[in-house]
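Please read the structure below before turning to the comments.
The values are calculated or read from the model by the stated rules, or taken from the named source; none is laboratory data. What you are looking at is a predicted structure, and each value in this text was computed from that prediction instead of being measured. Positions of Cβ are generated from backbone atoms using ideal geometry, with glycine treated the same way; all protein chains shown enter the neighbour counts. Keep in mind that these areas ignore ligands, DNA and RNA; they rest on the heavy atoms of the full protein, side chains included. Shrake-Rupley method; radii C 1.70, N 1.55, O 1.52, S 1.80 Å.
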Amino acid sequence: MKLVSYLRLYFLNITGVVAVLFGFVTPVIFSGVGLTVDMARAYLVQARLGQALDAAALAGAASGSDDNAAIEAVVNAYIEANYPDGRIGTVVSSNAELSGDELTVTASADVDTTFMRIFGYEKINIDAQTIVRREIRGLEVVMVLDNTGSMNTNDNISTLRTATQNFIQILFQNIGDPEYVRVGLVPYASSVNVGPYGLGIDVDGNNYDVPFVDPPATDVYADYYNGMNPYTENHYGIAEADLEYDPSEKGQWHGCVETQDYPLDTEDHAGPWTMYRHDFNGNSYYRNNDYFDGTLGDGYNAFYGPNIYCPVQPIVPLTSNEAFLDSAAGNMTASGATLGNFGMVWGWRVLSPAYPYTEGSAYDDNEWDKVALIMTDGDNTMSNVYSAYGLSDDHNIDAGDLDDRFAEICTAMKAQGILIYAITFEDGATIDQDTLDLFEQCATSPSNYKHAPSQEELVDTFEQIARELSNLFIRQ
C-alpha cells in the first residue's frame with residue numbers, strides 16, 4: 001500500500017517537472033516556428049527580387065546606351081514592372097552601374113516580419129545583385145514585302161506600310177547607336193525594282209558601283225526614271241486632266257529587271273541583268289495616240305507602258321538611315337503578280353556581302369547577325385502577261401516551279417546562317433494550304449513562322465518580330 005502511494009507521489013512530481021520544462025521551451029519552440037515563417041518570406045522576396053533584377057539588367061544592357069542615367073531609368077522601369085506594389089516585400093533602393101562592357105545592377109528590399117518583431121526585428125533587409133556582360137552586336141535585316149495587286153484588297157497595302165514603318169521604328173528605338181542596325185527593303189510583285197543602283201548610281205545621283213543592268217542597245221529611252229508611271233497614277237484614280245508628266249516617261253526604264261535562267265534565278269550572283277521592258281520592240285511604243293500627243297503607243301500597254309507591274313518603290317540597300325527607310329516604306333503601292341521566289345532571292349542579294357549590293361557584312365563576321373523577313377498575302381502566281389521571266393508565251397514556267405525555286409532559295413539562305421521569318425497574311429484573301437506549308441518550311445523554325453489573318457494582327461506580328469530581334473543586341 002505504501003508502495004502505491006510512493007509511486008503516485010513520484011508521477012505527480014514528474015508531471016510537475018514536465019510542466020515546468022514545457023514552460024521553459026515553449027517560447028523557444030514558438031520563436032523557431034516564427035523564425036522559419038519569416039525566413040521563408042525573406043527567401044521568397046529574394047527569389048522574386050533576383051528575377052526582377054535579371055530582367056532589368058538585360059533590358060538596361062540591351063538599350064545600347066552608354067549614359068548611366070538612361071540605363072538606370074530603364075532598369076528602374078523594369079524592376080517596377082516585375083516587382084509591383086502589393087507583393088511581399090518593398091523595394092527600397094536600386095542602382096545600375098556601367099563599367100566598360102559590364103553592367104552591375106543592385107537592389108534592396110525590406111520584408112516586414114510577423115514573429116521576429118517580438119524580439120525587436122521589425123524588418124529583414126534583402127540585397128540582390130546581377131552582373132551582365134553586354135556584347136553589342138549589329139543586326140542586318142532585309143524585309144521582302146508583297147506589293148502585288150491583291151494587296152489593294154481592303155487597302156491592305158496601307159496596313160503593310162504602317163506595319164513596316166512600326167517595325168523600323170521599334171528596331172531603331174531599342175538600340176542607342178543606329179550604326180548597329182541596318183535595314184533593307186525589297187518590295188516585290190511581278191519583278192523587283194533595283195533602282196538607279198542598276199546603272200551604277202545611288203538615289204542622289206552619286207557613283208555607287210559598277211552597273212549591273214545592261215540597257216538594250218536599240219532602246220531610245222533606256223534612262224532610269226524614278227517615280228510613279230503616269231499610267232499607273234491614272235489607274236489609281238487620278239483624272240487624266242490632272243496628270244502632269246513628260247510623255248517620254250512611259251518609255252523610260254523604271255528600275256525592274258528580268259531574271260536569268262534556272263538555276264541562276266535561285267542564286268546569289270553578280271549578274272548582269274536585263275531591263276524589264278514589256279513588249280518593247282524598237283520604237284513600236286511610240287505610235288500615234290491622240291491623248292499622248294502622237295508620241296506613245298496605243299492598245300493594252302498604252303495604259304501601263306513597258307514597266308507594267310513593276311513595283312514603284314525600288315529596293316533600299318542596307319542602311320542605318322531610319323528616315324529614309326520610313327519614307328521608302330510609305331511609298332509602297334500594289335500591282336502585279338506574286339513572284340515570291342524572285343523577291344526572296346533579291347532579299348538574299350541585299351543581305352549578301354557580295355556584289356551587286358555590297359553593304360552586307362561578311363557571313364563569318366561574328367559582330368553581325370543577318371535576318372530576312374518574307375511576307376505574302378497570296379500564292380505564287382505566274383503572270384499571264386509579262387513578268388521577270390518575260391512574256392508569258394516565251395516560257396513554260398508555272399506556279400509550281402516558282403514554289404520549288406522559293407524553297408531552294410530559303411534553304412540556301414539558311415545554310416549561310418541567315419535567320420528567316422516568314423509571314424502569311426489573309427485579310428480579304430485566301431492562301432492555299434500548300435503556300436502556308438511552304439512559308440512555314442522556309443522559316444528557320446516553326447516559331448519563326450507567323451500567320452496574320454487580319455490587318456491588326458499583321459501590324460502586331462511585325463511589331464512582335466521587331467521586339468524579338470531587339471534581343472539579338474545583347475549576349476550574356
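Side notes on the structure shown:
- Hits in the stretch 319-329 - residues which are open to solvent by 10 Å² or more (accessible area, probe 1.4 Å) and either closer than 13 Å to residue 196 by Cβ or in contact with a Lys or Arg (Cβ under 9 Å, 6 or more places away or on another chain) (or both): 319, 320
- Every pair of residues 6+ apart whose Cβ atoms lie under 8 Å, when the first sits in the stretch 388-400 and is farther than 20 Å from residue 254 by Cα while the second is open to solvent by less than 30 Å² (accessible area, probe 1.4 Å) and modelled with pLDDT under 95: 392/383; 392/386
- Count - residues of the stretch 423-447 that are surrounded by fewer than 19 Cβ atoms within 10 Å (Cβ to Cβ), without any contact (Cβ under 8 Å) to a residue 60 or more places away in the chain and either out of contact with any strand residue (DSSP E or B) (no Cβ under 8 Å at 6 or more places or on another chain) or not in a loop (DSSP other than H, G, I, E, B) (or both): 11
- Scanning the stretch 408-422 for residues that are open to solvent by 40 Å² or more (accessible area, probe 1.4 Å) and either over 20 Å from the mean Cα position of the chain (by Cα) or among the aliphatic types (A, V, I, L, M) (or both) returns 408, 415, 419.
- Residue in the stretch 246-268 that is modelled with pLDDT under 95, in contact with a helix residue (DSSP H, G or I) (Cβ under 8 Å, 6 or more places away or on another chain) and on the phi > 0 side of the Ramachandran plot present: yes
- Any hit, the stretch 336-359, residues being farther than 25 Å from residue 441 by Cβ, part of a strand (DSSP E or B) and not charged (D, E, K, R): no
- If you filter the stretch 385-403 down to residues that are part of a loop (DSSP other than H, G, I, E, B) and over 15 Å from residue 307 (Cα atoms), you find that the one that is most open to solvent (accessible area, probe 1.4 Å) is 396.
- Pairs where the first residue, in the stretch 335-346, is open to solvent by 10 Å² or more (accessible area, probe 1.4 Å) and the second is aliphatic (A, V, I, L, M), C-beta under 7 Å, 6+ apart: 335/189; 336/189; 337/189; 337/382
- Residue check, residue 214 in contact with a strand residue (DSSP E or B) (Cβ under 9 Å, 6 or more places away or on another chain), open to solvent by 70 Å² or more (accessible area, probe 1.4 Å) and either at pLDDT below 95 or within 28 Å of residue 397 (Cβ to Cβ) (or both): yes
- Sole residue being out of contact with any His (no Cβ under 8 Å at 6 or more places or on another chain), buried (at least 23 other Cβ atoms within 10 Å of the Cβ) and not acidic (Asp, Glu), chosen from 113, 164: 164
- Tally of residues being on the phi > 0 side of the Ramachandran plot and at pLDDT 95 or above across the stretch 399-438: 1
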